[in-house]
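Working notes for the structure below.
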Amino acid sequence: MSQINPALGAPGGDLVVRRLTKVFQTGDEPVVALDGIDLEVPEGQFVGLVGASGSGKSTFLRLVDGLTAPTEGSITIGGEPVTRPGADRGFVFQQDRMLPWRTVVDNVILGLEINGVKKKVARAKARELLQIVGLGKFEQSFPGELSGGMRQRANLARAYAIEPRILLMDEPYAALDGQTREMMQSWLLDMWQERQATVLFVTHQIDEAVYLADRVVVFTSRPGRIKADITIDLPRPRTLEIKRTQAFADYVNEVWAHIEEEVKESMRLEMEHGHS
Amino acid sequence: MSSTQLDDDETGLVPIRGLEGGSRKRILTPSKRSAVIGICSIVGVFILWQVLGMFVLNPLFLPPPTAIWDRFIELIHTGVRGVTLGQDIIASSQAYFAGLALAIVIGGAVGIAMAASRVIRDILDPWVAVLNATPTIALAPIFILVFGLGVTSKIAVCALVMVFPILVNTYSGFSNTDASLVEAAKSFGASNRQIYAKVKLPMAIPYLIAALRLAAAHGLVGIVISELFGANAGIGLLILNSANTFDSRGLFVGIIILGAAGTIITYGLLALERHLGRWRRSENGE
């Protein structure tokens, strides 16, 4: 699959999550972040994950990436259990997490470097991606010289560079301004259409989830469970115009209806226990 | 759309260039001016010293620079008791750099281990705190008793005074790692070794350079003290012999060599730090 390194772009396959539970032992009492999640994602599907804050969406992504181990339950990709992070999955954190002492191009090659790709080959690949995300002129800049939006584009290029079969995105556009966000969304859709990787996309923006995803999964707040699983049957390729259609508005309203009481519940909890 | 806006930000440097071009009267940048003033200050003091040394001061206590220079040339060619200045410098540097290497290996390893393991830190922390607060140079006589008068005890004393600044700073550098950057590397499947090489070590570099600067200065004290206790050659021995024979010119040759060595090492490390930390200048702009 990968032109860069056969070790990368591993076969992938369907993602199957069974009775996934995660309990955090912080402070006095255990916090159940996720409680018995069952989810099947066919290879190549774009899934939007929404839910009030504290619904364990980020924890879910971290579990799928193998950054943290489940308390109970299992995660398999193409039948193989997930035990640790691997080159078949790319994680896009909300904060760009660029290494400040590395130039932009050397940040983008980080994942390739870690997976044993020669620097020269990796840089060529990174330059290609930086062109696509509009940072071609900034490859020799340091992250500190870029704006937040530019850094986040570099961050996406870094996750994309390893050609993951599953892209895990944790509110990647939350810190971006509206314009940049829309640009990034359409760029992501183009890349996804081309690569057909599975995407799990966590967002607080319901319209973003509906616009991007084949399917929107709504999480309940503490403990995190799946409340609704809505198939978004809008034609592809999608353009920004689709956001003005009635079908789009209907989907947004449907997701919002599921989420509304969760948000209220989560706000009530925050009022009681203070901000977390 | 937004990228063109950002392009404009990049060209924000242009007006600054315009400013510089406008004020042609000021030839030197502020940093160059500071350097010129600094050099003038040193040269001025030497001239003052020369004049006072020739007419006012007792040359036994403060010989003028020209007399020290003459003695420097003598020491290079003939030396004292068959040991030339070159041999002294080589003898001292060998012990100094051997001690430094030893201190880097031991201090670095222990510092990293303490940052990596809570148990190791808890075991060693009280000892490090006590020994770091003790003027370890006072332990020099013990080393000379153990290793005898020779290069081994010199290396040991140097390593002893250099190891603690290196250990403590290495520990700080490796325990202040940004966990989110480590996690980013982990998400790509980085091994422990890769996390050290690609994230933790580069993050610790400012601490490690500070460690070397401190250690370098301590080491110069260490080498002189160890040689005062006894040695066959070395700058410390030169200073001791010169003092014993009322050769104040020779004494100053030794002192100036030590001062020059310290200055060169300090500025060399500062330059290295500036080179490795050039990304940080870009961050200050934000």
Problem set entry | Failed item, numbered, when A:ASP229 is tested on (1) modelled with pLDDT of 90 or more; (2) buried (at least 18 other Cβ atoms within 10 Å of the Cβ) | (2)
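So, B:ALA190, is that one within 14 Å of chain A (Cβ to nearest Cβ) and either under 30 Å from A:GLY116 (Cα atoms) or not in a helix (DSSP H, G or I) (or both) or not?
Considered against the rule, which asks whether it is within 14 Å of chain A (Cβ to nearest Cβ) and either under 30 Å from A:GLY116 (Cα atoms) or not in a helix (DSSP H, G or I) (or both), B:ALA190 comes out as yes.
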Exercise. Among B:ILE112, B:ILE68, B:ILE73, which is in a helix (DSSP H, G or I) and more than 19 Å from B:PHE252 (Cα to Cα)?
Worked result: B:ILE112
For this session: Among the numbered conditions (1) over 12 Å from the mean Cα position of the chain (by Cα); (2) crowded, with 23+ Cβ neighbours inside 10 Å; (3) at pLDDT below 90; (4) not aromatic (Phe, Trp, Tyr), tell me where A:LYS57 comes up short.
Result: (1)
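Going by what's in this entry, would A:LYS125 be described as in contact (Cβ under 8 Å) with a residue 40 or more places away in the chain, over 30 Å from A:VAL17 (Cβ atoms), outside any strand (DSSP E or B) and basic (Lys, Arg)? Spell out how you get there, then give the answer.
Working: in contact (Cβ under 8 Å) with a residue 40 or more places away in the chain: yes; over 30 Å from A:VAL17 (Cβ atoms): yes; outside any strand (DSSP E or B): yes; basic (Lys, Arg): yes.
It is true that A:LYS125 is in contact (Cβ under 8 Å) with a residue 40 or more places away in the chain, over 30 Å from A:VAL17 (Cβ atoms), outside any strand (DSSP E or B) and basic (Lys, Arg).
Take B:ALA211 and decide whether it is touching a Pro at 6+ places or on another chain (Cβ under 8 Å) and either surrounded by 19 or more Cβ atoms within 10 Å (Cβ to Cβ) or at pLDDT 90 or above (or both). Working first, answer last.
Details: touching a Pro at 6+ places or on another chain (Cβ under 8 Å): yes; either surrounded by 19 or more Cβ atoms within 10 Å (Cβ to Cβ) or at pLDDT 90 or above (or both): yes.
Yes; evaluated as a whole, the condition is true for this residue.
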Exercise. Does segment B:158-180 contain any residue that is free of Cβ contacts under 8 Å to residues at least 40 places away in the same chain, part of a helix (DSSP H, G or I) and over 28 Å from B:LEU272 (Cβ atoms)?
Worked result: no
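Does A:ILE259 fit the bill of being at pLDDT 90 or above, among the β-branched types (Val, Ile, Thr) and closer than 22 Å to A:SER55 by Cβ?
Details: at pLDDT 90 or above: no; among the β-branched types (Val, Ile, Thr): yes; closer than 22 Å to A:SER55 by Cβ: yes.
Considered against the rule, which asks whether it is at pLDDT 90 or above, among the β-branched types (Val, Ile, Thr) and closer than 22 Å to A:SER55 by Cβ, A:ILE259 comes out as no.
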Exercise. Only one of these conditions is not met by A:GLY111: (1) more than 8 Å from chain B (Cβ to nearest Cβ); (2) assigned to a helix (DSSP H, G or I); (3) under 27 Å from B:GLY277 (Cβ atoms). Which number is it?
Worked result: (1)
Exercise. Hey, any hits in segment A:78-101 for a residue that's basic (Lys, Arg), modelled with pLDDT under 90 and in a loop (DSSP other than H, G, I, E, B)?
Worked result: yes
Problem set entry | Residue tally, condition polar (S, T, N, Q), under 14 Å from the mean Cα position of the chain (by Cα) and within 11 Å of another protein chain (Cβ to nearest Cβ), over segment A:152-184 | 1
Problem set entry | Scan of segment B:54-110 for residues that are surrounded by 15 or more Cβ atoms within 10 Å (Cβ to Cβ), more than 26 Å from the chain's Cα centre (by Cα) and small (Gly, Ala, Ser), ordered by number | B:ALA67, B:GLY79
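Among the candidates B:LEU181, B:LEU160, single out the residue that is within 12 Å of chain A (Cβ to nearest Cβ) and surrounded by 15 or more Cβ atoms within 10 Å (Cβ to Cβ). Working first, answer last.
Numbers: B:LEU160 fails: within 12 Å of chain A (Cβ to nearest Cβ).
Sole residue among the options that is within 12 Å of chain A (Cβ to nearest Cβ) and surrounded by 15 or more Cβ atoms within 10 Å (Cβ to Cβ): B:LEU181.
With A:VAL210, A:VAL199 as the choices, which residue is in the same structural domain as A:GLU260 (by TED's automatic domain parsing), under 24 Å from A:GLY86 (Cα atoms) and either within 12 Å of the chain's Cα centre (by Cα) or assigned to a helix (DSSP H, G or I) (or both)? Quick ask: steps written out before the conclusion?
Working: A:VAL210 fails: under 24 Å from A:GLY86 (Cα atoms).
That would be A:VAL199, the only listed residue that is in the same structural domain as A:GLU260 (by TED's automatic domain parsing), under 24 Å from A:GLY86 (Cα atoms) and either within 12 Å of the chain's Cα centre (by Cα) or assigned to a helix (DSSP H, G or I) (or both).
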Exercise. Of the residues that sit in segment B:232-286 and are under 20 Å from B:CYS158 (Cα atoms) and of a type in the set (S, T, N, Q), which one is farthest from the other protein chains (Cβ to nearest Cβ)?
Worked result: B:ASN232
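The values are calculated or read from the model by the stated rules, or taken from the named source; none is laboratory data. Quick caveat, the model's predicted, so the values are computed rather than measured. We place every Cβ from the backbone using ideal geometry, glycine too, and count neighbours over all the protein chains shown.
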